[in-house]
């Protein structure tokens, strides 16, 4: 019985039960404007954007790190991608988003290792810098993706790209040392060092991988919304938390061996909750309440799931 309770199937059953519960709850409360097949597909398409970011965040969160610069990088990478797309088309768009995202991740990892200060402090500083760079790059103008470059704005393009991101994460976790070493560092960094793991190297790799996935998220984000506006005053921080909630699902359910499916389904659950309140006619500020409550609940569940959740 204990083996079944720790099995992959049992973890999936818990996630499926949560989907059914929240869907049924809001369907009963507002049957006329919530939960149609078309609506559910729309919820799923928006949730996979955050799922991609959640997959990237997983690589650092399991090591006890955090990154406040994710939202700022989404904005900057989107702007860079759109600007390059005007000259180079799809290659410029894709390489601009992925290249900008990854380079920023490497810079963050390098600074974190060199400065030897908590990741939150490093990434808050980087966030402020990236917001300013984005304003300069955009020239104070809203950047709009050309209509002929919006293959990833909806199905099947967005699903294909997200599926490739999930497959990449699955490969890294199951067929490379990165997943194993990241978990080892998060569980006990001192022991990991004694085992011969180059902790600084894998933290740098973790930040680079995170922001490569952020680059993918930027492609999906600006394609879905078609425009991107540079923001200042730490306004990009709000973009950090929804992908982070998916990451916490992944960390909490990793003991069942299915962090990727937990991230994807977890983000879908969050999308159902958000859209359920919208269907009820609740004010938009309710999303902040839901976000905060969900973060508290998921963090509590994550903390019970094991070590490696303390931010460094």
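The values are calculated or read from the model by the stated rules, or taken from the named source; none is laboratory data. Keep in mind the model is a prediction, meaning the values are calculated, not measured. Cβ sites come from the backbone with ideal geometry, for glycine too, and all protein chains shown count toward neighbours.
Among the residues of region 39-46, is any over 23 Å from residue 250 (Cβ atoms), over 18 Å from the mean Cα position of the chain (by Cα) and surrounded by 17 or more Cβ atoms within 10 Å (Cβ to Cβ)?
No - not one qualifying residue is present in region 39-46.
Among (1) modelled with pLDDT of 95 or more; (2) within 22 Å of residue 82 (Cβ to Cβ); (3) surrounded by fewer than 18 Cβ atoms within 10 Å (Cβ to Cβ), there is one condition residue 110 misses while meeting the rest; what is its number?
(2)
Which condition number does residue 299 fail, the rest of (1) farther than 18 Å from residue 43 by Cα; (2) out of contact with any strand residue (DSSP E or B) (no Cβ under 9 Å at 6 or more places or on another chain); (3) modelled with pLDDT of 80 or more being met?
Every listed condition holds for residue 299 apart from (3).
Looking only at helices (runs of 4 or more DSSP H) that lie completely in region 1-115, which have at least 3 residues being within 30 Å of residue 190 (Cβ to Cβ) and in contact with a helix residue (DSSP H, G or I) (Cβ under 7 Å, 6 or more places away or on another chain)?
Values: elements: 2-5, 8-29, 37-61, 70-115.
Because the criterion is at least 3 residues that are within 30 Å of residue 190 (Cβ to Cβ) and in contact with a helix residue (DSSP H, G or I) (Cβ under 7 Å, 6 or more places away or on another chain), the helices (runs of 4 or more DSSP H) in region 1-115 that meet it are 37-61, 70-115.
Scan region 224-260 residue by residue and report those that are assigned to a helix (DSSP H, G or I), more than 11 Å from the chain's Cα centre (by Cα) and surrounded by fewer than 24 Cβ atoms within 10 Å (Cβ to Cβ).
224, 225, 235, 237, 238, 254, 255, 256, 260
Which one of these is at pLDDT 95 or above, under 20 Å from the mean Cα position of the chain (by Cα) and buried (at least 17 other Cβ atoms within 10 Å of the Cβ): 53, 92?
Values: 92 fails: under 20 Å from the mean Cα position of the chain (by Cα).
Just one listed residue meets the conditions, 53.
Matching residues to (1) at pLDDT below 85; (2) touching a strand residue (DSSP E or B) at 6+ places or on another chain (Cβ under 8 Å); (3) closer than 16 Å to residue 278 by Cβ:
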site: 7; (1), (2), (3): yes, no, no
site: 10; (1), (2), (3): yes, no, no
site: 16; (1), (2), (3): no, no, no
site: 39; (1), (2), (3): no, no, yes
site: 48; (1), (2), (3): no, no, no
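Could you give me the residue pairs with C-beta distances under 7 Å whose first residue belongs to region 224-247 and is touching a residue at least 40 places away in the same chain (Cβ under 8 Å), whose second residue is assigned to a loop (DSSP other than H, G, I, E, B) and surrounded by 17 or more Cβ atoms within 10 Å (Cβ to Cβ) wherever it lies, and which are 6+ apart or on separate chains?
226/145; 237/68; 240/68
Only one of 35, 64 is at pLDDT below 95, closer than 30 Å to residue 193 by Cβ and surrounded by fewer than 24 Cβ atoms within 10 Å (Cβ to Cβ); which? Talk me through it step by step, then tell me what you get.
Working: 35 fails: closer than 30 Å to residue 193 by Cβ.
After applying the criteria, what remains is 64.
So, of the residues in region 151-185 that are assigned to a helix (DSSP H, G or I) and over 19 Å from the mean Cα position of the chain (by Cα), which turns out to be surrounded by the most Cβ atoms within 10 Å (Cβ to Cβ)?
At the first step, the residues of region 151-185 found to be assigned to a helix (DSSP H, G or I) are 151-153, 157-175, 177-185.
Next, from what is left, pick out any that are over 19 Å from the mean Cα position of the chain (by Cα): 151, 174-175, 177, 180-181, 184-185.
Values: 151: 15, 174: 10, 175: 9, 177: 12, 180: 13, 181: 21, 184: 21, 185: 26.
Only one residue fits best here, namely 185.
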